[in-house]
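**Q** Got a structure for you, questions after.
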Amino acid sequence: MTSDVDLLVVGAGPIGLAAAIEARMLGLTVAVVEQRDTPIDKACGEGLMPGALPALARLGVSVEGRPLRGIGYRSAATRVDHRFVAGNGLGVRRTSLQAALTARAVSLGVDFVQAKVVSLRQDSDAVVVADIAARYLLGADGLHSTVRSLAGLEARLPTDRRFGLRRHFAVEPWSDLVEVHWTPVAEAYVTPVSDGIVGVAILGKRGLGYSEALAAIPAIASRVAGADAVSTLRGAGPFRQRTSARRAGRVLLVGDASGYVDAITGEGIRVGLAQAHAAIECVAADAPERYEREWSRRTRDFRMLTVGLVALAGSPLRSAIVPTAAALPGVFGAIVERLAR
């Protein structure tokens, strides 16, 4: 089977677009298949950790947003803040990030095909999706990845399933931190994304009502009371996704499609950019067999810390998370810095 392009990327979210840009910067021919119209929105916290910004700059991508100077944990009686040591993060609307990445990809000559992926076949030379043959294919199509399923890389889902809900409010940001408010049943992430707009994402188990969860957090509810909602309520999940492997022949998975733990640490973009970089290095070297090892190496800290925090959040020790962080600010800060870089 002969190929039409060097690389076919399925999914035009931030990680798929970053991979396409990486590939074009190395001179590879690239096509992106996406069935949705751009810009593409997603229910997420919308905070870019400091380590994501140089990764985007290296791709030639800049985006407007609101500087984030650290992370704050809050409970009804306790609070603890850590300000980033090595530079700021950025609060930015997901639509703005996706639009900036799309513009950069277009400027580099990435081809875009609007189509739904319903089948995948490959041989020793190429992969075919949406009537396009490519030497390699990257599945970057999110938590519920069609490519992952078609490539036979799905693994059994766990029973501890968590979901997220997000909405934006027209209110002036009251902090330059990402605030994480812990309640007995959920976490609420408050992210300033621009002047006059704050995003509030709530994470918890299936069936959690957004309005009810927000009302249970007076520190947020009082701030947004009477403010206009400037986006529709969007949901995402279940977060936990498992894969049997990250590669099948000439198909590689990146971003949420490659397996996901939880949004609780807020560093999905930074980790996804690292995966995209690793995948394109392997593709450019015609060494896809290296990707599994590189994926594991570049996501190890995220997976270990996130699994640990989710386990605590679902245990009888949940109520002790914020008091413990406040009692051990050095440990809390070290964890935040590890995730931020």
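**Q** Fewest to most neighbouring Cβ within 10 Å: what's the order for 49, 304?
**A** Ranking 49, 304 by Cβ neighbours within 10 Å, fewest first, gives 304, 49.
**Q** Ok, one more. Please report the relative contact order for segment 69-162, taking Cα pairs under 8 Å with a sequence separation of at least 6, and give it as a percent rounded to a whole number. Could you put the intermediate results ahead of the total?
**A** Working: 61 pairs, mean separation 12.5, N = 94.
Result for segment 69-162 is 13 percent.
**Q** Now for a separate question. Per residue of the chain, what 222 nm ellipticity follows from adding -39500 (n - 2.57) for every DSSP H run with n ≥ 4, rounded to the nearest 500? Let's see the in-between values first.
**A** Numbers: 10 runs with 110 residues, N = 341.
Estimated from H runs of four or more residues: -10000 deg cm²/dmol.
**Q** Nearest 10 degrees is fine. How inclined is helix 14-25 to the longest principal axis of the chain, computing both from alpha carbons?
**A** Once rounded, one gets 40 degrees.
**Q** Another question about this same structure. Would you mind putting 75-83, 313-321 in packing order, based on average other-beta-carbon counts within 10 Å, highest first? Could you put the intermediate results ahead of the total?
**A** Numbers: 75-83: 16.4, 313-321: 13.6.
Ranking, from highest mean packing down: 75-83, 313-321.
**Q** Over the chain, how many percent of alpha carbon pairs lie in each 20 Å bin up to the one with the longest distance?
**A** 32, 57, 11, 0
**Q** Sorted by packing (mean other beta-carbon atoms within 10 Å per residue), highest first, where do 15-27, 212-224, 164-176 land?
**A** Taking the mean over residues of other Cβ atoms within 10 Å, the ranking is 15-27, 164-176, 212-224.
**Q** Go through segment 46-59 residue by residue and turn each phi into a ³J(HN,Hα) via Karplus (6.51, -1.76, 1.60, θ = phi - 60°); whole Hz please, and just put x for glycine and proline.
**A** These are the phi-based 3J(HN,Hα) values: 6, x, 8, 5, x, x, 6, 5, x, 5, 5, 4, 4, 7 Hz.
**Q** Hey, another quick one. Taking all pairs of distinct Cα atoms, average 1/r, flip it, and tell me the Kirkwood hydrodynamic radius of segment 29-141 in Å to one decimal place. Mind dumping the intermediate values first?
**A** Values: mean 1/r = 0.0590 Å⁻¹.
Final number for the Kirkwood radius of segment 29-141 is 17.0 Å.
**Q** Another question, if that's okay. Around residue 112, which amide H atoms from residues at least 5 apart in sequence, or from another chain, sit under 5 Å from its own amide H, with H modelled in the peptide plane?
**A** Close amide H contacts, sequence-distant or interchain: 32.
**Q** Please list, in chain and number order, the residues 5+ apart from residue 234 or on another chain whose amide H is under 5 Å from its amide H, with Hs placed from the backbone.
**A** Placed amide hydrogens put 166 under 5 Å from residue 234.
**Q** Let me ask something else about it. Enumerate the amide H contacts of residue 48 below 5 Å, restricted to partners 5 or more residues apart or on another chain; note that Pro and chain-start residues carry no placed amide H.
**A** For residue 48, the qualifying residues are 90, 91, 92.
**Q** Percent of Cα-Cα pairs more than 12 Å apart in segment 250-293, please. Intermediate results must be reported in sequence, preceding the final value.
**A** On the way: 568 of 946 pairs.
Summing the P(r) of segment 250-293 above 12 Å gives 60 percent of all pairs.
**Q** Rounded to the nearest 10 degrees, what's the angle between the helix 291-313 long axis and the longest principal axis of the chain, both from Cα atoms, 0 to 90?
**A** 20
**Q** What do you get for the angle between helix 329-340 and the principal long axis of the chain? Use alpha-carbon atoms, 0 to 90 degrees, nearest ten.
**A** Roughly 20 degrees, rounded to the nearest 10.
**Q** Right, next: When 42, 116 are ordered from fewest to most other Cβ atoms inside 10 Å of their Cβ, what list results?
**A** In increasing order of surrounding Cβ atoms, one gets 116, 42.
**Q** For Cα pairs less than 8 Å apart in space and 6+ apart in sequence, what is the mean separation divided by the residue count of the chain, i.e. the relative contact order in percent?
**A** 23
No value in this document is a laboratory result; all are computed from the given coordinates. Predicted, not measured: the structure shown is a model, and the values here were computed from it. Heads up, the Cβs are rebuilt from the backbone with ideal geometry, glycines too, and the neighbour counts pull from every protein chain shown.
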